[in-house]
Amino acid sequence: MAILSYDANETETIFGQNLSARYHITDTWLRRDGNWQIIASQAHRYYEDPAVGKADPMKFPDFIGNYELAASQTRTVVADGDSLFVERNGKKEQLFPETSELFFRKGIEGRILFRYDKNGKVDALIDRRNNEDVVWRKVAGK
């Protein structure tokens, strides 16, 4: 038996656009009757942050405030100049814009987006993880 574990870099061009991805692959081989045969293979794509887009600091006042998941689970969104941050349990993380209303944290899969109610006011921060939403409701007056 032999087990190979390696990184693979993939590149392709789709109508003039270059795409690339990195994978970690583990293959398991078994020698039967003098021949090597692959019996299992597993591949995982490395996470890569999206390209940083442009934030619209004019929208930051809409986003700033406290958000609540449950009575004792809150997070706060604050701005510092042209940057937006989320704070929770004493930990402050910068939110990087993918678009003016869609953000990510470096090295963390998922997105942060802000939901507007029917009156055009932000009523929630949505922490999107693997296409599942964790909704943090904005706490009024805070």
Violating pairs (Cα-Cα greater than 23 angstrom) within the set LYS54/LYS92; LYS92/LYS138; LYS92/LYS118; LYS59/LYS118: LYS92/LYS118
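Of the accessible area of the range 13-79, with the probe set at 1.4 angstrom, what percent is carbon plus sulfur?
Roughly 52 percent, rounded to a whole number.
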What helix-only [θ] at 222 nm does the chain give? Using -39500 (n - 2.57) per DSSP H run of at least 4, over all residues, to the nearest 500, the answer is -500 deg cm²/dmol
Between PHE63, LEU30, GLY16, whose Cα lies farthest towards the positive end of the dipole of the range 1-105 when Lys and Arg beta carbons carry +1 and Asp and Glu beta carbons carry -1, centred on the Cα centre? LEU30
How do 61-73, 97-109, 16-28 rank on mean C-beta neighbours within 10 Å, highest first? 97-109, 61-73, 16-28
Provide, in order from the shortest bin, the percent of all Cα-Cα pairs of the chain in each 5 Å bin, continuing until the bin that contains the maximum pair distance. 2, 8, 14, 16, 14, 10, 8, 8, 7, 5, 4, 3, 2, 1, 0
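Quick check: with the 1.4 Å probe, what order do ASP80, ASP49 take by accessible area, largest first?
So the residues, ranked largest to smallest area, are ASP80, ASP49.
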What translational diffusion coefficient, in µm²/s and rounded to a whole number, does the Stokes-Einstein relation yield for the range 56-126 at 20 °C and a viscosity of 1.002 mPa s, taking the hydrodynamic radius as the Kirkwood radius over Cα pairs? 171
Mean 1/r over all different Cα pairs, inverted: what Kirkwood radius does the range 1-81 give, in Å? 18.2
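The values are calculated or read from the model by the stated rules, or taken from the named source; none is laboratory data. As the structure is a prediction and not an experimental result, all values here were calculated from the model. Note: ideal-geometry Cβ built from the backbone for every residue, glycine included; neighbour counts use all protein chains shown. To get the accessible areas, we keep the full protein, side chains included, count just its heavy atoms, and leave off ligands, DNA and RNA. Shrake-Rupley method; radii C 1.70, N 1.55, O 1.52, S 1.80 Å.
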